[in-house]
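Worksheet: the structure to be examined is printed underneath.
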Amino acid sequence: MRRDVLTGSYFTLGDIACAEGALAAGCRYFAGYPITPATEIAEHMARRMPEVGGIYIQMEDEIASIASAIGASYAGMKAMTATSGPGFSLMQENIGLAVMTEAPLVIVNVMRGGPSTGQPTRGGQQDVMQTKWGSHGDYEVIAFAPSSVQEMFDLTIEAFNCAERFRCPTFVLAEENVGHLREKLVIPEPHEIKLVERKRPKCDPKEYAPFKPDEDLIPPMAHFGEGFRFYATGLTHNERGLPRTVDPDIHAKLVRRLNEKIRRHAKEIIRVEKLYLDDADICVVAYGIVSRSAASAVRAAREMGIKAGLLKLVTVWPFPSDEVSRLSEGIKRFLVCEMNEGQIVREVERCNKCSKVSFLPKLGGEIHTPKEILSAMRAAL
Amino acid sequence: MSRLVHPLEKFVRPGMETRIWCSGCSDGIVLNEFLRAIDELGLDMSKIVVVSGIGCAGRASGYINVDAFHATHGRAIPVAIGIKVAKPELNVVVISGDGDLFSIGGNHFLHAARRNVGIKVICINNFNYGMTGGQSGPTTPMGAFLTTTPYGNIENPLNLVQLAAAVGATYVARWTAFHVRRIKESMKKALTKKGFAFIEVVGICPEQYGRRHKMPRPIDMMIWLKKNSVISRELDPSKAELTPERIVVGEFVDAERPEYTELMRGQINSIIEGLEKEGKVSDVEI
């Protein structure tokens, strides 16, 4: 009897689907702090975790939540924390620690409107750039943008698979609109769920170099208490994990590898969905909840004879640079729709080679209507 | 010719660079007593995890040949909690300094002690931020002259023993770097204690603190500790005075309270047993 995969059909909340996705992915450690609109994830985990023999712990703040999840990850558990804007800002320093110590970890950010306390109960997409650049230093991350309750479940599993495989913090960036959305969720049979587990060392503990990568640039991970007796530090370290903070070559080599281990696998990480892009004049770029309005708008445009298409970003990070560059050669214009003042549009502009880029922002917590996107398309062409 | 080997060398992580600590620093004394405590208790080194934060004392975790984690500034305790809760069979010890544990990380200390998570926290209190060059901190005595209190400190220092006792630590002791055997005995007690245990070691920092307070040599600071410390024989934290003139040392709390990970495991087991009895997969509505 599997208590972690509750196979069946449900009518439920995005936040709950996210929590169930985590449990199905093997998450057995959740640390969090109450914050709107992510609280339902913590509440559901508080009820469900003990049923699967896992741990729910409410920490004193978001800093402690992520720090303890890193500790649990090093002790061998699949670990997660969930928060929203203000808590996400507090987590930034330890996101860098997870990057540097290569701790598999899933961070869910149910995005609300900012800056600061902003709009606690309204959605936004204002933390997309923060996810990539929020902690100091150079690093690459993986971030999924679910657009439905079903994707909250599916992509949380994907996030765990990426975190475990690449030994890096991985993000689920959902808008409040998706977190608080209630719709159909289908939880499949356990055997239909593909899980990835972190690579483990096979060597003698005495020979173990905790940060010596294999050819795929990812080092196998030992857990605390297994006799490897190793050291992990946020300081620049050599392959044995020992601090080496003034050697320029060691620093450059480490930071490059941390970036390269994601970049080199970008093709297999990146996921996009395309609609009518084969002959499109205008390509709408959207992610998360906005991609649903965008899809409606594109269909309506086609009915009106406008050659419109949609590029939906399922992963926002790494950004699908090659895909966007290639697309720019065949279309007349991109229309980027975001619930912010312009974040992913900068990436589209960066990768655009020979097309034009328009931007349709929306602030205040409401989703773009298909009508708004359609008029923006007509104005742009 | 055979090489002379220090009896504690087997506990030291091979390959670390020369100790980062200044000569005369008491961090090495505390590290030494920690290793002796492990040795005398005959603990399995593979079941000990040391976590530390940032600062001079925070480097201790690297030198001990156990599983160790060097966290961000102030966050050693929550990392240690994650490890302990995930693997309660491990003996998880935090070794760090006063600034790390009680200024930037103060909130975590309160809640770890309140929850009674069975981790052990060893704080080396040197009254200043040594690594960054001698700035004032949360334990700096009134009137002390440091690089950021050039006209004298006007802030009231925290009394770590009283704080730990107030928030529910089940073992609380304070010694100075002069009381090496007592440090070791307290560490042995803490390491075998079930609940949250706290040891403050009043350390010496001749380089940053001593030389600004007419104690430029390590021996001057050791004499200061010896002259001004008084051993309390009562389990009474209200007696735990700490000023440059009077350093009350001893054990101040030795109590038992239900430990967090045991309570958690108990709750998990009873929930699963309940489901099994009723033949249910889950009691939670999705």
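Just a few scattered comments:
- Qualifying residue in region A:232-242 (condition: among the acidic types (D, E), out of contact with any strand residue (DSSP E or B) (no Cβ under 7 Å at 6 or more places or on another chain) and within 13 Å of another protein chain (Cβ to nearest Cβ)): yes
- The set of residues in region A:4-25 that are more than 21 Å from A:R112 (Cα to Cα), crowded, with 20+ Cβ neighbours inside 10 Å and of a type outside the set (A, V, I, L, M, F, W, C) comprises A:D4, A:E20, A:G21.
- Matching option when the condition is surrounded by fewer than 24 Cβ atoms within 10 Å (Cβ to Cβ), among the small types (G, A, S) and touching a helix residue (DSSP H, G or I) at 6+ places or on another chain (Cβ under 6 Å), among A:G123, A:G118, A:G96, A:G134: A:G134
- Of the residues examined, B:G143 is one that is surrounded by fewer than 23 Cβ atoms within 10 Å (Cβ to Cβ) and small (G, A, S).
- Only listed residue being more than 14 Å from every other protein chain (Cβ to nearest Cβ) and open to solvent by 90 Å² or more (accessible area, probe 1.4 Å), chosen from B:R233, B:R212: B:R233
- Region A:117-132 residues that are of a type in the set (D, E), paired with ones that are buried (at least 20 other Cβ atoms within 10 Å of the Cβ) (beta carbon under 8 Å, 6 or more apart): A:D127/A:G85; A:D127/A:F88; A:D127/A:N109; A:D127/A:M111; A:D127/A:L173
- Residue tally, condition of a type in the set (A, V, I, L, M) and farther than 22 Å from A:F228 by Cα, over region A:68-81: 1
- Residues of region B:190-209 that are under 30 Å from B:R115 (Cα atoms) and either open to solvent by less than 10 Å² (accessible area, probe 1.4 Å) or out of contact with any Gly (no Cβ under 8 Å at 6 or more places or on another chain) (or both): B:A190, B:L191, B:T192, B:G195, B:F196, B:A197, B:F198, B:I199, B:E200, B:V201, B:V202, B:G203.
- If you go through region B:1-42 and keep only what is among the acidic types (D, E) and modelled with pLDDT under 90, you end up with just B:E17.
- Only one of A:M1, A:M77, A:M49 that is more than 17 Å from the chain's Cα centre (by Cα) and modelled with pLDDT under 95: A:M1
- Residue pairs whose Cβ atoms lie under 9 Å apart, separated by 6 or more positions or on different chains, with the first residue in region A:348-374 and in the same structural domain as A:E323 (by TED's automatic domain parsing) and the second in a helix (DSSP H, G or I) and at pLDDT below 95, are A:K356/A:A380; A:S358/A:A380; A:L360/A:A380.
- Scanning region B:264-286 for residues that are among the small types (G, A, S) and either under 25 Å from A:G8 (Cα atoms) or open to solvent by 60 Å² or more (accessible area, probe 1.4 Å) (or both) yields B:S270, B:G274, B:G279, B:S282.
Condition check ((1) more than 26 Å from A:N340 (Cα to Cα); (2) open to solvent by 20 Å² or more (accessible area, probe 1.4 Å); (3) touching an Asp or Glu at 6+ places or on another chain (Cβ under 7 Å)) across all residues:
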{"position": "A:F160", "(1), (2), (3)": "yes, no, no"}
{"position": "A:A174", "(1), (2), (3)": "no, no, no"}
{"position": "A:R200", "(1), (2), (3)": "yes, yes, no"}
{"position": "A:D214", "(1), (2), (3)": "yes, yes, no"}
{"position": "A:G225", "(1), (2), (3)": "yes, no, yes"}
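- Qualifying positions in region A:32-61 - part of a strand (DSSP E or B) and more than 7 Å from chain B (Cβ to nearest Cβ): A:G32, A:Y56, A:Q58
- Set side by side, the residues B:E207, B:E155 differ, and just one is part of a loop (DSSP other than H, G, I, E, B) and more than 20 Å from B:R59 (Cα to Cα), which is B:E155.
- Of residues in region A:247-277 being among the aliphatic types (A, V, I, L, M) and part of a loop (DSSP other than H, G, I, E, B), the one farthest from A:G309 (Cα to Cα): A:I270
- Just one of the listed residues (A:V336, A:V290, A:V298) is crowded, with 19+ Cβ neighbours inside 10 Å, in the same structural domain as A:I367 (by TED's automatic domain parsing) and touching a helix residue (DSSP H, G or I) at 6+ places or on another chain (Cβ under 7 Å), namely A:V336.
- With respect to the stated conditions, B:A86 is closer than 30 Å to B:P258 by Cβ, without any contact (Cβ under 8 Å) to a residue 24 or more places away in the chain and buried (at least 17 other Cβ atoms within 10 Å of the Cβ).
The values are calculated or read from the model by the stated rules, or taken from the named source; none is laboratory data. Since the model is a prediction, treat every value here as computed from it, not as a measurement. Counting neighbours? That spans all protein chains shown, and the Cβs are built from the backbone with ideal geometry, glycine included. Side chains included, ligands, DNA and RNA excluded: accessible areas come from the protein's heavy atoms. Shrake-Rupley method; radii C 1.70, N 1.55, O 1.52, S 1.80 Å.
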